[in-house]
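Student: Have a look at this one.
A short reminder: the numbers here are calculations on the coordinates, not readings from a lab. Here the structure is a predicted model, which is why all the values come from computation and not from measurement. All Cβ positions, even for glycine, are placed from backbone atoms using ideal geometry, and neighbour counts span all protein chains on display.
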Amino acid sequence: MPQFKSILVYCGANSGNHPAYRESAIALGKLLVEQNIRLVYGGGSVGLMGVIADTVLASGGDVVGVIPQFLNVKEVGHTGCTELHEVNSMHERKALMEKLCDGVVVLPGGYGTFDEVFEMLTWSQLGLHRKPIGLLNIRKYYDHLVAQLDHMVQEGFLNVNNRKLLLEDSSPAELLVKMRAFDVPVEAKWLDSSART
């Protein structure tokens with residue numbers, strides 16, 4: 001059972017329209033500190049990103065931010081991070097965040113959050129990492145996404161074992177339990193051999 005030293009959290013640069021999203025970010029931040037887990041995130045000071053970073057720092061934990069230079073110039077970078085890495089591009093940001101973490105938790109977010117989690121899932125499917133990835137499904141925010149993934153399996157575009165690469169729970173504590181217990185399957189990317197010519 002892995003003991004996480006660092007968890008990468010993907011989440012929105014907005015806070016959403018319901019207080020439950022902010023409350024969940026706070027709960028996750030406090031839980032990380034209680035379990036002596038360092039937060040790795042996108043380095044922002046706004047939205048849920050800012051909420052979880054502020055919570056971890058206020059609770060005495062360590063926060064590692066990774067932010068592209070063009071975003072930091074716009075003054076959305078968090079100035080209180082334990083470490084703040086400024087990189088040249090979004091691609092570098094994602095690569096470095098993956099390198100610095102032992103697992104990934106996904107809070108509600110927009111395009112950027114979806115981009116990040118699907119890249120991590122793709123890398124896992126290809127065997128480039130074996131880190132657990134979990135959706136923190138607050139207010140059923142990700143129910144439609146979960147249903148879409150199941151539909152992809154049913155329609156033959158996603159292998160059932162690769163579907164299991166994404167865990168899900170509405171409780172931060174239970175999600176971390178699932179992530180610790182999860183053994184990422186070793187399987188080459190699934191291809192339909194009948195499509196080969």
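Student: May I ask for the angle, rounded to the nearest 10°, between helix 172-181 and the longest principal axis of the chain, with both axes built from Cα atoms and the value confined to 0 to 90°?
Tutor: 50
Student: Can you list residues whose amide H is under 5 Å from Val66's amide H, if they're 5+ apart or on another chain and H is modeled 1.01 Å from N?
Tutor: Tyr41, Gly42, Gly43, His85
Student: Still on this structure: In region 6-184, if the dipole is taken from +1 on Lys/Arg beta carbons and -1 on Asp/Glu beta carbons about the Cα centre, which of Leu28, Met97, Asn14 is farthest to the positive end?
Tutor: After comparing all options, I get Leu28.
Student: Taking N as the number of residues in the chain, what value does Rg over Cα atoms divided by 2.2 N^0.38 Å take? Provide the component values of the computation, followed by the final result.
Tutor: Details: Rg = 16.7 Å, N = 197, 2.2 N^0.38 = 16.4 Å.
In units of the globular-protein estimate, the chain measures up at 1.02.
Student: At 1.002 mPa s and 20 °C, plugging the Kirkwood radius over alpha-carbon pairs of region 63-141 into Stokes-Einstein gives what diffusion coefficient in µm²/s? Kindly include the intermediate steps, with their values, before the conclusion.
Tutor: Working: Rh = 13.7 Å.
Answer, rounded: 157 µm²/s.
Student: Using θ = phi - 60° and the Karplus curve 6.51 cos²θ - 1.76 cosθ + 1.60, what whole-Hz ³J(HN,Hα) does each residue of region 44-51 get, with Gly and Pro shown as x?
Tutor: x, 10, 10, x, 5, 4, x, 4
Student: Let me ask you something else. Would you calculate the separation in nanometres between label points at Asp115 and Asn17, each defined as 7 Å from the Cα along the Cα-to-beta-carbon direction?
Tutor: Each label point is offset 7 Å from its Cα along the Cβ direction, giving 2.4 nm.
Student: State to the nearest 20 debye the size of the charge dipole of the chain about its Cα centre, where the only charges are +1 on K and R beta carbons and -1 on D and E beta carbons.
Tutor: The dipole of the chain has a size of about 180 debye.
Student: Moving to a separate point now. So which GluC sites (Glu not before Pro) in region 63-144 end up in coil per DSSP with only 11 or fewer other C-beta atoms within 10 Å?
Tutor: Working: sites: Glu75, Glu83, Glu86, Glu92, Glu98, Glu116, Glu119; in loops: Glu75.
Within region 63-144, the qualifying GluC sites (Glu not before Pro) (loop, at most 11 other Cβ atoms within 10 Å) are Glu75.
Student: I would also like to ask the following. Taking θ = phi - 60°, what integer Hz values does the Karplus form 6.51 cos²θ - 1.76 cosθ + 1.60 yield along region 26-41, in sequence order, with x for Gly and Pro?
Tutor: Whole-Hz 3J(HN,Hα) from phi for region 26-41: 5, 4, 5, x, 5, 5, 4, 5, 4, 9, 6, 10, 6, 8, 10, 7.
Student: How far is helix 143-154 tilted, in degrees, relative to the longest principal axis of the Cα atoms in the chain, given as a value from 0 to 90 rounded to the nearest 10?
Tutor: Its long axis makes an angle of about 20 degrees.
Student: Kindly provide the helix-only [θ] at 222 nm of the chain, computed as the sum of -39,500 (n - 2.57) over DSSP H runs of four or more divided by all residues, to the nearest 500 deg cm²/dmol? Present the calculation step by step, with values, prior to reporting the outcome.
Tutor: Numbers: 8 runs with 85 residues, N = 197.
Mean residue ellipticity at 222 nm (helix-derived): -13000 deg cm²/dmol.
Student: Another one. Between exposed trypsin sites (Lys or Arg not before Pro) in the chain, where DSSP calls loop and at most 15 other Cβ atoms lie within 10 Å, what's the longest gap?
Tutor: Details: sites that count: Lys5, Lys74, Arg130, Lys164, Lys189, Arg196.
The segment 6-73 is the longest one with no such site.
Student: Which listed residue (Gln154, Val76, Ala53) has the Cα farthest towards the positive end of the charge dipole for the chain, taking +1 on Lys and Arg C-beta and -1 on Asp and Glu C-beta about the Cα centre?
Tutor: Gln154
Student: Taking the simple approach of a point 7 Å from Cα along Cα-to-Cβ for both Thr79 and Lys178, what is their distance in nm?
Tutor: It is 3.9 nm.
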